[in-house]
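Please read the structure below before turning to the comments.
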Amino acid sequence: MSFVYKSDPVRGRQWAEIFAREAPHLPFRIWPDIGDPAQVRFLAAWEPPDKLGEVFPNLQVLFSSGAGVDQFDLSALPPGLPVVRMVEPGIIGGMVEYVSWAVLALHRDMLQYQRQQRRAQWKAVPVRPAGQCRVGVLGLGTLGRAALAQLRSFGFDCAGWSRSRHQVDGVQCFAGQDELPAFLGRTQILVCLLPLTDETRGFLNAALFAQLPRGAGLVQVGRGPQLVPGDLLAALDQGWIADAVLDVTDPEPLPPAHPFWQHPNIWLTPHIASMTQPDTAARVVLDNLRRFEAGEEMVGRVDRARGY
């Protein structure tokens, strides 16, 4: 049996070195050098090949090389094939750093200071303690919980929302559509860390923005199709949303004429909030392979019915 890596070849070579040291019994191949496709039991990919079941008839596990699986057409994958998303310390640490920076930037009015700098205006904005700022995180998975733990350490009044019920120490948790209005109504800085599913596509829209307090801030680090661009622009123009930090867009990159590029109330970054770190990612996959062979639950296994 063999393991095939189909993603960035530079990172693939780093994975190959780790596999050679820690799993020398498992042949490791980098796409398109797949060897005998009938021998391939495991595939790590950002975009798997079309007709996956025909290309690799004996595939046992499909690993995503990133934190999400929305790039997979789950309905086109062989029925029963386990799909595992990447849950590794590098992704978590990077996201915690980015969300912390973005929330602090909004809390401390850094976009306002950018606008003043362009006008050569030296003017202080009153500073509020973090404890007087209510932050809400959409999505209480691994990334959401880690981000909330860090935000709590700054003293922010934190809440979280997800489709299902969760309990997080020191965080007011809301669940389901019935509790979404109350969550939004208390949230002055909204952070989106939701996975992309049919239910979350277009989730960040005019109706949602209208339920936030006037002058709220937005941090979008989920997926681009979750945000309705025209609705955000309207909310910004109305002052309902004061400022937004966006790391994901639809499409990526945005066309040069897109209004997000030059909008004074938008801070745009090119999908860099969090990136898989090759050394820790390879070891997480190796650990999951050991779990699979032992008949144990793999970390990050996707519920294909829910899409994440």
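The values are calculated or read from the model by the stated rules, or taken from the named source; none is laboratory data. Since the structure is predicted, the reported quantities are computational estimates derived from the model, not experimental observations. Glycine gets a Cβ as well: all are built from the backbone with ideal geometry, and neighbour counts include every protein chain shown.
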Item checked: Leading residue by the ranking (surrounded by the fewest Cβ atoms within 10 Å (Cβ to Cβ)) among those in segment 197-218 that are of a type in the set (D, E, K, R) and over 15 Å from the mean Cα position of the chain (by Cα) -> ASP198
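Table: residues versus (1) touching a Phe, Trp or Tyr at 6+ places or on another chain (Cβ under 7 Å); (2) closer than 18 Å to ILE241 by Cβ; (3) free of Cβ contacts under 8 Å to residues at least 60 places away in the same chain; (4) of a type in the set (Asp, Glu).
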| residue | (1), (2), (3), (4) |
| --- | --- |
| ASP70 | no, no, no, yes |
| PRO82 | no, no, no, no |
| GLY90 | no, no, no, no |
| TYR98 | no, no, no, no |
| TRP101 | no, no, yes, no |
| GLN117 | no, no, yes, no |
Check: What about ASP178, is it within 19 Å of the chain's Cα centre (by Cα), farther than 24 Å from GLU97 by Cα and acidic (Asp, Glu)?
Finding: no
Item checked: Boolean, GLN177 is assigned to a helix (DSSP H, G or I) and either modelled with pLDDT of 95 or more or not assigned by TED's automatic domain parsing to the domain that holds GLY68 (or both) -> yes
Item checked: Residue ID - surrounded by the most Cβ atoms within 10 Å (Cβ to Cβ), chosen from residues in segment 252-308 that are over 18 Å from the mean Cα position of the chain (by Cα) and modelled with pLDDT under 95 -> ASP279
Checklist line | Test for LEU62: is it touching a Pro at 6+ places or on another chain (Cβ under 7 Å) and either part of a strand (DSSP E or B) or in contact (Cβ under 8 Å) with a residue 60 or more places away in the chain (or both) | finding: yes
Checklist line | Candidates VAL191, VAL221 - the one that is in contact with a Phe, Trp or Tyr (Cβ under 7 Å, 6 or more places away or on another chain) and modelled with pLDDT of 95 or more | finding: VAL221
Next item on the list: Keeping to segment 14-26, report how many residues are free of Cβ contacts under 8 Å to residues at least 24 places away in the same chain and either among the charged types (D, E, K, R) or touching a strand residue (DSSP E or B) at 6+ places or on another chain (Cβ under 8 Å) (or both).
Entry: 4
Note to self: When you check ALA159 against the structure, is it surrounded by fewer than 19 Cβ atoms within 10 Å (Cβ to Cβ) and either farther than 27 Å from GLY300 by Cβ or among the small types (Gly, Ala, Ser) (or both), yes or no?
What the structure shows: no
Check: For segment 1-11, what are the residues that are under 26 Å from the mean Cα position of the chain (by Cα) and of a type in the set (Ser, Thr, Tyr)?
Finding: TYR5, SER7
Next item on the list: Check LEU194, LEU184 and return the single one that is in a loop (DSSP other than H, G, I, E, B) and buried (at least 19 other Cβ atoms within 10 Å of the Cβ).
Entry: LEU194
Notebook entry, point to check: Among ARG29, ARG11, which is touching a strand residue (DSSP E or B) at 6+ places or on another chain (Cβ under 7 Å) and either among the β-branched types (Val, Ile, Thr) or not in a loop (DSSP other than H, G, I, E, B) (or both)?
Noted result: ARG29
Next item on the list: Can you tell me which residue among LEU106, LEU111, LEU138 is under 21 Å from LEU151 (Cα atoms), crowded, with 16+ Cβ neighbours inside 10 Å, among the aliphatic types (A, V, I, L, M) and in contact with a Pro (Cβ under 8 Å, 6 or more places away or on another chain)?
Entry: LEU111
Next item on the list: May I ask you to verify whether VAL221 is buried (at least 21 other Cβ atoms within 10 Å of the Cβ), hydrophobic (A, V, I, L, M, F, W, C) and closer than 28 Å to GLY66 by Cβ?
Entry: yes
Check: How many residues does segment 12-38 contain that are within 29 Å of the chain's Cα centre (by Cα), surrounded by 13 or more Cβ atoms within 10 Å (Cβ to Cβ) and not charged (D, E, K, R)?
Finding: 9
